[in-house]
Structures are given as structure tokens and as C-alpha cells.
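Peer 1: Submitted below is the structure of interest, expressed as C-alpha cells.
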Amino acid sequence: MSKAFVDTTVLTDALLKTGDVSKRAISAIRGFDYSETPVYALKEFAGGPLRYWIWAHNKLVKTRSLSKALLEISALVRTPQKYAPSSMLEALSIAIRGKPPSAGADDILADRYAYAIRIDILAAWKRRRKLTTSVTYPIACYEESPPELDGDGLFALKIPCSRERQCALRAHLVRQNTGLQKIRDVLLGQSNKPENAKRLRVVKELIRNPKRDIDWKQCRHLGDAVFAVLAPPDCVILTTNLKDHLPLAEALGKTARLPG
């Protein structure tokens, strides 16, 4: 029986993208006899792509102007948050493709595209646990809170990690200490990208002090390492980021592949 372990990138393509990108992700998942999404992927999805979609939506609602929203988003390109502006602009691009602009006031266009993005956000949240056969590796310290609209038409999204409970993800990972050591060795030999350096620091900390708790930032920095360690040996890690995932997976005797 073929099995897939779905990462955040494929989850995002299936839930928020359109056209061939979305179809390819969904088809890839359905091409396996069994598929699973770890809760960590849902957490990453909410804290990353979905949050950026919400930011784009709220910017349109606040400015009531398509041109002003695009100007503010483009300004973010000059900040270290490289994924944020690209995701926000993609949200607007998808909305515009679904409802092409017609002659009209800037505020009318802003309302139109805010509504289109709002529908995408709500649909993605509703479908997030329905794409795969099952959702696995629950994280007790993380509570899934749905995006909610306030009286001003703005979305609020809480991504809470309980400060009163130890990190449940840490407990999953330290049980596989040998796997963490192999991940460490791979990261030591990889390029010194900032995200790899952060990931390596957290992995080293888990190995040295398996009983010490990690905070939400460290949890986020683990990223790809989580999928490599938690993926069952008979599952293929399904990802659009093969460059980073494959070396980690192979170090643990597992495999990763692209959708399609």
C-alpha cells in the first residue's frame, strides 16, 4: 500500500492555490492509497500562508483601496520577511484572476478582491483536515482556532501555544534521538542558510537537553526536520521543497518526492 506524509507546502498548494498547481497537489495526494497530515503541518499552514492571506484581506478592508494595499505589500519586499509579501501578492493575484478588474473605483475593486480572498480563507480552513486520509501526531499544547471576522470585517487568527504546558512536539521528537542525531549531521554539512542555522541550533538543543522545553520560536525553526523525523518509514514525504527535504529524509532511510 502506497503512503504519503504531506508537508506544509503541498497542503498550501491544495488549499489556497488555484489551477494546475492546486490540481497537481490534490491529485498527488489522491494518488496514494493512504495519506496523512501531521498537526505540525496544520500549525505551519496557519502561522504562515493562511496568516499572509489574512493580512492581504485585512489590508484591502482597512485601506479600501487596491492600489494602496498593493503599495503597502510591495514595501514589505524590502524587509527580511521574504515569504510574507510573495504570499500576500499571490493571494491578490488569485483573487484578481477569479474576478478580473473592470472599470470602476479603487474602493470597489478592493471590496471585490477582499471578498474573494475571504472565501478562499474560509474554504481552506474548512478543508484543511479533509485532504488526507488522517491527521496524525496531535500536539496537545497547540489549539486550532478558526479565523474569525470582527465587526469591522477584519479577520483575527490566533495561533496559540499553551504557556502552561510543555511542548508536545518536543516529546514526539526526543523519542527518536537517533534520528535527531542524523538530522544534525546533515544540517552540519549543508549551506549556512539562516533557516538551516536556526534549525541546527534547536536540533542540537533537543539532543543535549531532551527534557528541556522549547518555545514557540524554536518549534517553528525546526520546520523540515519535523517531517523527516516523524514520517513513518513506509511513507513518502510529499513536498514541493525537495532540495531541503530529501537529504534529511534519506539520512533516516526515508524518501521524499514532488507532487506530480
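Please treat every number below as a calculation from the coordinates, not as lab data. It should be emphasised that the depicted structure is a prediction, and the values quoted were computed from it without experimental measurement. Neighbour counts run over all protein chains shown; Cβ positions are idealised from the backbone, glycine included.
Peer 1: What is the spin-label model distance, in nm, from TYR34 to LYS126 if the labels are put 7 Å beyond Cα along the C-beta direction?
Peer 2: In this crude spin-label approximation the distance works out to 3.0 nm.
Peer 1: For the chain, max minus min Cα coordinate along each principal axis, in Å, sorted largest first?
Peer 2: 61, 39, 34
Peer 1: Are there trypsin sites (Lys or Arg not before Pro) in the stretch 110-139 that DSSP puts in a loop and that have at most 16 other Cβ atoms within 10 Å, and which ones?
Peer 2: Passing both the DSSP loop test and the Cβ count: ARG129, LYS130.
Peer 1: A follow-up question, please. Test of the criteria: in the stretch 154-260, which GluC sites (Glu not before Pro) are in a DSSP loop and have at most 11 other Cβ atoms within 10 angstrom of their Cβ? Working shown, then result.
Peer 2: Details: sites: GLU164, GLU195, GLU205, GLU250; in loops: GLU164.
Filter output for the stretch 154-260: GLU164.
Peer 1: May I pose another question? Of all DSSP beta bridges in the chain, what percent run antiparallel (nearest 5)? Can you show the working numbers first?
Peer 2: Numbers: 3 of 15 bridges.
The antiparallel proportion sits near 20 percent.
Peer 1: Trypsin sites (Lys or Arg not before Pro), restricted to the stretch 154-260: which are DSSP loop and have at most 14 other Cβ atoms within 10 Å? Write down the numbers at each step before the final one.
Peer 2: Numbers: sites: LYS158, ARG163, ARG165, ARG170, ARG175, LYS182, ARG184, LYS198, ARG199, ARG201, LYS204, ARG208, LYS211, ARG212, LYS217, ARG220, LYS243, LYS254, ARG257; in loops: LYS158, ARG163, ARG165, ARG175, LYS211, ARG212, LYS254.
Answer by residue number: LYS158, ARG163, ARG165, ARG175, LYS211, ARG212.
Peer 1: For the chain, with a Gaussian network of springs between Cα atoms less than 10 Å apart, report the residue from GLY179, GLY19, GLY47 with the top mean-square fluctuation.
Peer 2: Of GLY179, GLY19, GLY47, the most mobile in the Gaussian network model is GLY19.
Peer 1: Once each part is reduced to its C-alpha centroid, what is the distance from the stretch 198-219 to the stretch 105-134 in angstrom?
Peer 2: 35
Peer 1: Okay, next question. Past the 24 Å Cα-Cα mark, which pairs from LYS43/LYS243; LYS126/LYS243; LYS158/LYS182; LYS17/LYS243; LYS126/LYS158? Display every interim value, and only then the final one.
Peer 2: Working: LYS43/LYS243 22 Å; LYS126/LYS243 30 Å; LYS158/LYS182 34 Å; LYS17/LYS243 21 Å; LYS126/LYS158 16 Å.
Distance filter (> 24 Å) returns LYS126/LYS243; LYS158/LYS182.
Peer 1: Additional query: Could you work out, for the stretch 168-257, what percent of all Cα-Cα pairs fall into each 5 Å distance bin, beginning at 0 Å and stopping at the bin that holds the largest distance?
Peer 2: 3, 15, 29, 27, 18, 8, 1
Peer 1: When the helices in the chain are scored as -39500 (n - 2.57) per DSSP H run of 4 or longer and the sum is shared across all residues, what 222 nm value do you end up with, to the nearest 500 deg cm²/dmol?
Peer 2: Values: 13 runs with 152 residues, N = 260.
Roughly -18000 deg cm²/dmol at 222 nm, from the helical runs in the chain.
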